[in-house]
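Accompanying notes for the structure given below.
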Amino acid sequence: MPSRRERKRCQTLEHLARTAGALFAAHGYEAVTMEQIAAAADVAKGTLYNHFAVKEAVLAHWLHLELATSLSRLHEELLARSGFAAGALHVLNQSADWCESHPDYLAPYLRFRFLGIGTEPSPSHDSEQLSDIADTFGWLIRRAQASGEISAGLDATRLTLAFHHLYLCSMLRWLANRHLNLRQEFAAGVELFLHGAAVPTGNSSETQLKRRRKHS
């Protein structure tokens, strides 16, 4: 159980992030300053900066709070969907809906996440509480390993990180070219994760050459 100090810290983080979220929604992300967030939250600027070094960090925390609510519902839906691809695509399609509705938040959020690669904590192995989309990916991967769909000999944390990066890269491609279909980008990431970039067995260039010779 978290200590009283840790509970108070989490409450402060949530208060700051939700205050910032309300300001972002009202005025737009770019227009809101850290000073405005501190004033609206009724805290000193130093207190805000002690918890969040940059505005992108406040945004990320707020988005994760919002995501945690959605993931609680999604987790129940995932229990009714067998297979990694079906579960992952369900989550990713929900993410696509959000991305298309909040493109102004996406670029600063992704910048923050990529700057934090290598320093962010690994998804929990023990908790069924899903508070980050990476937790959801990890849960889906471990379930697929237990069912034999994904090799249990591969490290689940490494697989989760790899799939999470495919997810982030799909969003970056979409941000750079809005003519792309984000759902198709996500689906391509799932296909790449599950089947890799190698030519499927029976479709290699050598096999195709033998087939042409046989029918010539």
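Which whole-number value in Å² is the accessible area per residue of segment 150-191, probe 1.4 Å? It would help to have the intermediate numbers written out before the result.
On the way: 2310 Å² over 42 residues.
Per-residue accessible area for segment 150-191 comes out at 55 Å².
How large is ³J(HN,Hα), in whole Hz, for each residue of segment 64-79 in order, when computed from phi with the Karplus curve 6.51 cos²θ - 1.76 cosθ + 1.60 and θ = phi - 60°, using x for Gly and Pro?
Couplings: 5, 5, 5, 5, 4, 5, 5, 5, 4, 6, 4, 4, 5, 5, 5, 4 Hz.
Net charge near Leu166: determine it from the other residues with C-beta under 15 Å of the C-beta of Leu166, scoring Lys and Arg +1 and Asp and Glu -1. Please list the in-between numbers first.
Details: positive: Arg113, Arg158, Arg173, Arg183; negative: Glu185, Glu191.
Counting the neighbours of Leu166, the net charge comes to +2.
Please get the size of the charge dipole for the chain, origin at its Cα centre, with Cβ charges of +1 on Lys and Arg and -1 on Asp and Glu, quoted in debye to the nearest 20. Working shown, then result.
Values: 23 positive and 22 negative charges, 152 e Å.
Dipole magnitude for the chain comes out near 740 debye.
Defining a contact as two alpha carbons under 8 Å apart and six or more residues distant in sequence, what relative contact order in percent does the chain show? Write out the running numbers ahead of the final one.
On the way: 147 pairs, mean separation 37.4, N = 216.
Taking the mean separation of contacting Cα pairs over the length of the chain, I get 17 percent.
Would you please give the residues with an amide H less than 5 Å from that of Val32, counting only those at least 5 places away or on a separate chain, with H modeled from the backbone geometry?
When sequence neighbours closer than 5 places are left aside, there are no close amide H contacts.
The values are calculated or read from the model by the stated rules, or taken from the named source; none is laboratory data. Here the structure is a predicted model, which is why all the values come from computation and not from measurement. Neighbour counts run over all protein chains shown; Cβ positions are idealised from the backbone, glycine included. Note: areas computed on protein heavy atoms with side chains; ligands, DNA, RNA excluded. Shrake-Rupley method; radii C 1.70, N 1.55, O 1.52, S 1.80 Å.
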